[in-house]
Each structure stands twice: as C-alpha cells, then as structure tokens.
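Just so it is clear, none of the values below were taken in a lab; they were calculated from the coordinates. The shown structure was predicted, so the numbers you read here are calculated from the model rather than taken from an experiment. Cβ coordinates were reconstructed from backbone atoms using ideal geometry, including for glycine residues, and neighbour counts include every protein chain displayed.
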Amino acid sequence: MLEIGTKAPVFSLPDQNGEMRKLSDYLGQKVILYFYSKDMTSGCTKQACGFAELYPQFLEKGAVVLGVSKDTAASHKKFEEKYGLPFTLLSDSDKEVIQAYDVWKEKKNYGKVSMGVLRTTYLIDENGIIIKAFDKVKAAENPAQMLSELE
C-alpha cells in the first residue's frame, strides 16, 4: 500500500465508454480511488452499488469516485448499465496502475494461493496527494466509510 502524504501515481486509463481519463483531470477535487477485483462479482457489486447510492453526497462534498479493475472497458460498460452506476470505472488490463498503487498481491482463497487485486481504497486530495489509504476493506462498508472520511 502506498504511504499517506505521498503524491498519487499519475495514470491515463480508458473508462467504461472508451474515453481516456487521467488523474490530472480531477485536480481541484478530492478523488476516491478504489481498486476491486472483478465486475459482477458479489462483493464488488455491493461496493459499487454502495458508492452509487451515496454518490450525490460524495459530489456535495466535492469528491469524485473512480473504480479500477483489470476488466475491459466493455465489461465495465455492462456493469455500469446493469447496476446504474453513476461514476467512472477505469480499465487497467495491463495492471500498470494496479501495480503502481501496490494493490496486486498474493491472495489465499480456500487454501489456494493466487495473485489478484487486494480490495484497496485511496483518498486523494485536491493536489494529488494521498491523504487516506485503506487495504483489505469490507466491500459493503467501504462507501459509507469513505463518505465519513470526507467529513
């Protein structure tokens, strides 16, 4: 996990509509950058729907929500449409940003060891500095937790 107080790694990734998005596009706003493993899975859907439900409150507090996984832009588009997600989903199929944010980790699932995205959420301030970092987040609780961090 990256250190609080460090500059957030810059990136340029395609969103669910195929448009390139850069971290610098959001300077002047707080950014909730959350990394998740896969579209349409139970935990990731709970987390995304939680962010969707609270999204107007994030906007009121001057924050944007960006979800990142290694799924394709087309997969993100289906995920967005199925659940009415109002925020940006970024496709990092090369795992460059996932690795830059130190969330590609060894995971154990039912005794089987594999590499994957460790559910992690960063809060980045208006100047691109990481001000909060949470790893091993609970999918269903993370959106409300991040909203309270903006208080």
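Computed quantities for the displayed model
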| quantity | calculated |
| --- | --- |
| Relative contact order for the chain, counting Cα pairs under 8 Å that sit 6 or more residues apart, in percent | 34 |
| Burial ordering of Thr120, Thr45, fewest other beta-carbon atoms within 10 Å first | Thr45, Thr120 |
| The range 60-68 - phi-based ³J(HN,Hα) in whole Hz, Karplus 6.51/-1.76/1.60, Gly and Pro as x | 4, 8, x, 10, 10, 10, 10, x, 10 |
| Beta bridges by DSSP in the chain, antiparallel share as percent, to the nearest 5 | 70 |
| Order of Phe35, Phe79 - criterion: other Cβ atoms within 10 Å of each residue's Cβ, fewest first | Phe79, Phe35 |
| Residue-averaged [θ]222 nm for the chain, counting only DSSP H segments that reach four residues, each worth -39500 (n - 2.57) | -8500 deg cm²/dmol |
| Taking the range 22-107 and dividing mean pair separation by its residue count, relative contact order in percent (alpha carbons under 8 Å, at least six apart) | 30 |
| Virtual spin-label span in nm between Thr6 and Lys95, 7 Å along Cα→Cβ | 1.9 |
| Distant alpha-carbon pairs in the range 12-149 (separation over 20 angstrom), percent | 42 |
| Rel. contact order, % - alpha carbon contacts under 8 angstrom, at least six apart, the range 108-151 | 28 |
